[in-house]
Structure formats: structure tokens, C-alpha cells
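What follows draws every value from the coordinates through simple rules; no lab data is involved. Fair warning: this is a prediction, and the values are worked out from it, not measured in the lab. Positions of Cβ are backbone-derived with ideal geometry, glycine not excepted, and every protein chain shown enters the neighbour counts.
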Amino acid sequence: MSDTGSKPGPEPSERTAIGITFGNSNSSIAYVVDDKAEVIANEDGDRQIPTILSYVDGDEYYGQQAKNFLVRNPKNTVAYFRDFLGKEFKSIDPTHNHASAHPEEAGETVSFTVQDKAGEEEGPSTLNVSEVATRYLRRLVGSASDYLGKKVTSAVVTVPTDFTDKQKAALVAAAAAADLEILQLISEPVAAVLAYDGRPEGKIEDKVIVVADLGGTRSDVAVVASRGGMYTVLATVHDYEFAGVALDKVLIDHFAKEFLKKNSSAKDPRENARSLAKLRLESESTKRALSLGNNASFSVESLSDGIDFASTINRLRYETIARTVFEGINRLVESAVKKAGLDVLDIDEVILSGGTSHTPRIATNLGYLFPQTTKILAPSTEVTALNPSEAEARGAALQASLIQDYEAEDINQSTHAAVTTVPHVGNAIGVISVNEAGEEVFVPIIPPETAVPARRTVHVSAPSGGDVLVKVVEGNTHIKVTQPEPKVKAPESKAAKVEDADEDGDDDSDFSDDDDEEEDEEEKREKVWKIGATLAEAGVKGVKKNGKVEVSITVGSDLSVIVTAREVGGKGGVRGTLAA
Ligand code: ATP
């Protein structure tokens, strides 16, 4: 293999850069044209390109063509290898490789043995996982180059948030061996957020986003704070149980049982490798069809003992038999929010990304988990949602188009913070103001989870003017729970009211006018600010009546705080520094 570390990349002016998602199950390639990211179809017309290579008579197939060979040529087909990059054999989980080439121990790495050359006299080759990745990336880049009509030189590639430095280094080296310069590796959830924020109509606003990246072999959920265009990953959870293949398995078992019921003397198709491969492929396509329609068909020629099998399933039945997986996904999302120390009320948006996110029931269930104010960005719940299978590739392409004009060294130095976990403030910092009811309220200036260093400025009104005291405090949110108003039958007496309240107001038949809403009224949970520790007090003297005081807060990277306060349009001002 070539010495990748020292090989200089192309000059910025000579680059053609794309975005790549390199998944365990599927990969995608995307490119930016006229500020819009487009996912490129390969020569087979696929935008989700299975991450699979297959060798037949010395010819190499990739993508969907290679996937189809899982039935007839599983031994020479390499699938589910991405997660093995940079790993030792003893730390990998080979569960998904039993129906294709098996991973083997190869010193510090993992390898596969396949017959990749033509002719009987040629023995099989043992390819380590880096070589497999290089060959696959070469094909991906070849498809992108053919489509664009020019050689693709560089890419921003997405990786899971738990990819170790060793795995990243292995990926960069594998790409370099395929003559591909990796401009940057960005985490998959951040790529999904970039895809949304980078749309021509996208707005960069302060928000907390949950990205549920639900793929084939793994589900990764990340909680990301977006503050002034900086993204901070607050928490991540990873799961290998509740993902696409678990849904395939549900359908495999369902149809296998149905087949056996109809053909009681036939062999169980799950016990024969070839029958199982057929079952698996068809179950996956039935599953995909169920994301679009209410019914889907299932049909396999010669499933077992030469018997053809055809059936149908409706979505309701599917959702019932797959309930455990759907519930697992909800729990996973819930646990990520908890791990970030947040409540579901803190979440502004949930981005559903990854192929499994097409499933309507998953989006509906997440809708129940979050308050109505949280946007669930999935095709079945939001018309403006991006295709979940394409979001991350688009985000990577947008990032590539942003940074491709910089020297490689500058990219390394300047772009890390925006896409990795960076220091951030825990509590909000703001000032105390007085609301219409005369109560002191917290006005946030620097929202919680803002990456530091950060600087924000607000104008506080001073209606009565004079000497204005600005109190800079920490603020944190807590969830205020209001129980529903107890329903009362009739205003007979105060005592009666109290009794009714205790009985939970079940009998509401007297209130037929407007009690539809009241009937299923639940306790109200809302996020309210609580004033925390005082950080600084600043007096601004002689402010004009109806004047305004400008308060600036700067939080340094060591979390020290500088506060300045001055009258807008006035002279002078007060400035103070607080240690971290
Ligand atoms: P991983 O790395 O977790 O293996 P990936 O990121 O490589 O996955 P994705 O394309 O995001 O791959 O997800 C693949 C999964 O999505 C497969 O299980 C596939 O069956 C499923 N999938 C694709 N399209 C749909 C659809 N329309 N409805 C339901 N599931 C789908």
C-alpha cells in the first residue's frame, strides 16, 4: 500500500470535491450545483448504493449488483465491513457477515478471503479491510467522476460519532490509496443538521436538535445544540439491536412461518443459506414498500424445496409485529435526551435520517414522545423534510463546497471545532428584567449549551431612566407541571367543588359545549426559566427616560465571563471580568 501520510493532496484550485456517506449498509455521493446539494445516482441509477463488493469470474461488482450476488455468490461477496476499519478481529461483531464472506483475523486488522481473479489456477486473495474499503471507495468515486464528467479528487466523508481516531486514520488511509483526498471527516448527525441548515431556505437559529440516524445495522442518536452557526454535540447513544435489519428479521420470520403453514412438509427456508438470502432480500423490499403504501406484496421463486411463495402484508400488521423494534427506537431517543441532561421540552427539532427513518410509524411514535412544538422532520410528518437517506450526503457535499478552496492545513486547523464536541456553557447567562406583572424574570443572552468562546449583546429597556442596575445572572430551565383544572359539575357550593376535584372530574356530561378538549386534557408541562446565581451587577448612571442599556457578555474558552454595560448612544460604560 502507498505511504498515504506523506502524499500531498491536490492544490485547492485543482480539486473537484464531493460529499460521501460511507455506511455499513449503504453509501451515497453528493455534489453541490448552484448552491444546492444533489445526491448523484450511480450507473445503475441508485442513490443509496449498497456498501458491498462481489467478485464473479474475476469481475468486480459493487452496489446493488453486488448485493444481488448475496444469493448466488455469497462467499465472494464482501458486505458490512465499514465498521471493521481500524479494528482488531477480537473487537468486531461479525453477526451480519454470516451470509457473505467471513471476516478473518489478520494481525492488527481484519481480512476477507475471496476469489477475485478469473481462472481456476488463480488462488483466492486475502484482502484486509482497508483494501476492501479502498476498492469500494474507488468505485464510488469512479461513479461520481463519470457523472460529473471530471475526476473527483477530494471529499468530505461522514463517520459515526463513536468512530475512534484509529478508525478515522484507517479510513483516511484507505481513501488515499484510492487516490481520494479526505478534506474533512464530519460526524453523521452534524452532516444531517448541515443539510437542513444549508438549504437555500434554511435558517441558522439557536436550537437544540435530536438527530436520529437509523440505518441498517445500527441506530445512532445525537443531541446537537446549534448556537450562532456552531454545532455542539451534547450527547450520543449507539445501538446495534434496533435498526433496519431487525425489521427485516421480523418480516423474515413472519413470511417463513406463513410459508410453513401453507407447506407443512417443506423445509424451513431460514435453515438453508440460499433460501434465507432470498427471504432476506425480498423482506427488505417488502419493508420499504410498506413505508409508502398500506399494503405490500412478497414473492419469491423457489423459496424452499422448489416451492414458489407469494403473499401480502398490510402496514397495520407489520406495525404490530415490529412493535418491539419501534419501541426500542423510541427508548433510544428518549435516553439520548436524558443523557444530554435535557427534557423533551428542550428539543426544538428531531431530524430523522438514515434509511430506516422512512418508516412512518417511527416518526409517528416520536411525535408522541415530544411536545407538539417539537418539529419531527421525517417524510411522513413534514412535507419539507429531506429524504432521510440523502440528508447526510447532502450535508457532507455542502461542507465540501464550503471548504474546498482552502489549503489542507487550514482546513485541519480551522474546522474542527464546528463539528466536534467543544467546551460549552452549562447554564444560560442573562439579565434580570421586570415583566408587566412587576415580577423579576430572566432574559437569556447566552443560551445554555452555547459553544465557547461566545459573545452576545442585548438591549435592555429602561423606561424610567436614571441609574439603572443591570444584574447578570445564570439561568436554568425547569419543567413546570400544571395539573388540569378539576372539572366541576355545577357551581353549587365551594365544598362541592373541592370534592369533585378530588374525584378527578370524570363526569363531565354537563359540559357538552366545549368539553371535547377538556376530556383528554393532560397535565401541562412547560419550560420556565429559573433565576440562578448572580454573576455580576453593573450600575449605569444617568440613563435617559425610555433609554436603552446595551449589555454584552463574552464567555472565553476558559469559561471566564466579561460583562460590559453602557447606555445605547451614551458615553462611557461599565466593564467587569469574572474568573471561570
Ligand atoms: P448502517 O451503517 O447502520 O448499517 P447505513 O447508514 O449504511 O446503515 P442506510 O441507507 O442509512 O444505511 O440504512 C439502511 C437501512 O434502511 C436498511 O435496513 C434499509 O432496508 C432501510 N431502508 C431503506 N429505505 C427504506 C424505506 N423506504 N423504508 C424502510 N426502511 C428503509
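Quick notes on this structure:
- Extended-chain gain in nm, criterion 0.36 nm per residue less alpha-carbon gap, Glu105 and Thr534: 148.5 nm
- In this structure, Glu301 and Glu485 have a Cβ-Cβ separation that, at R0 = 56 Å, corresponds to a calculated FRET efficiency of about 0.30.
- 5 angstrom amide H check on Ala99, placed H, neighbours 5+ away: none
- Ranking of Ile479, Ile49 by neighbouring Cβ atoms within 10 Å, starting from the fewest: Ile479, Ile49.
- Projecting the Cα atoms of Ser154, Ser130, Ser187 onto the dipole axis of segment 114-206, where Lys and Arg carry +1 and Asp and Glu carry -1 at the beta carbon, places Ser154 farthest toward the positive end.
- Förster radius 25 Å - calculated FRET efficiency between Lys262 and Asn314 (Cβ-Cβ, nearest 0.05): 0.85
- The alpha-carbon of Lys150 sits under 26 angstrom from the alpha-carbons of these lysines, leaving out residues fewer than 8 places away in its chain: Lys7, Lys36.
- Neighbour counts of C-beta atoms inside 10 Å place Leu247, Leu559 in the sequence Leu559, Leu247, starting with the fewest.
- Of the DSSP H helices in the chain, those with a Cα length along their own long axis of 15 Å or more and a mean Kyte-Doolittle hydropathy reaching -0.5 comprise 129-148, 165-177, 244-262, 273-292, 323-339, 391-403.
- Rounded to whole numbers, the Karplus 3J(HN,Hα) couplings from phi for segment 12-18 are x, 6, 9, 7, 10, 10, 10 Hz, using 6.51 cos²θ - 1.76 cosθ + 1.60 with θ = phi - 60°, and x at Gly and Pro.
- Radius 12 Å from Cβ of Leu171, net charge of other residues (Lys, Arg +1; Asp, Glu -1): +2
- Cα centre as origin, Lys/Arg/Asp/Glu Cβ charges: the chain dipole, Debye: 1560 debye
- Cut-off 13 Å between beta-carbons: net charge of the residues surrounding Met230, Lys and Arg +1, Asp and Glu -1: 0
- For Lys338, the lysines whose Cα comes closer than 26 Å to its Cα, not counting residues fewer than 8 places off in the same chain, are Lys207, Lys375, Lys480, Lys524, Lys527, Lys530.
- Sorted largest first, extent of the chain alpha carbons per principal axis (Å): 96, 71, 43
- On the basis of the beta-carbon distance and an R0 of 25 Å, Leu148 and Asp59 show a calculated FRET efficiency of 0.50.
- Label point distance in nm, Ser335-Val33, each placed 7 Å from Cα along Cα→Cβ: 4.3 nm
- Electrostatic tally near Asp405: other residues with Cβ closer than 12 Å to its Cβ, Lys and Arg +1, Asp and Glu -1, net -3.
- Within straight-line reach of Lys541, meaning a Cα separation under 18 Å, sit the following lysines at least 8 residues removed in sequence or on another chain: Lys471, Lys571.
- For the chain, relative contact order (Cα pairs under 8 Å, six or more residues apart, normalised by length) works out to 12 percent.
- Peptides 346-352, 234-240 ranked from most to least packed give 346-352, 234-240, packing being the mean of other C-beta atoms within 10 angstrom over each peptide's residues.
- Between Thr373 and Glu440, the contour length at 0.36 nm per residue exceeds the Cα-Cα span by 21.5 nm.
- Three-way shape call for segment 39-89 based on the alpha-carbon gyration tensor, with the a/c threshold at 1.5: oblate
- When the charge dipole of the chain is built from unit charges on Cβ atoms (+1 for Lys and Arg, -1 for Asp and Glu) and taken about the Cα centre, the candidate among Leu345, Ala289, Val141 whose Cα reaches farthest toward its positive end is Val141.
- Sequence of Arg199, Arg82, Arg394 once ranked by neighbouring C-beta atoms within 10 Å, starting from the fewest: Arg199, Arg82, Arg394
- Length gained on full extension, Glu327 to Glu120: 69.4 nm, using 0.36 nm per residue less the C-alpha separation.
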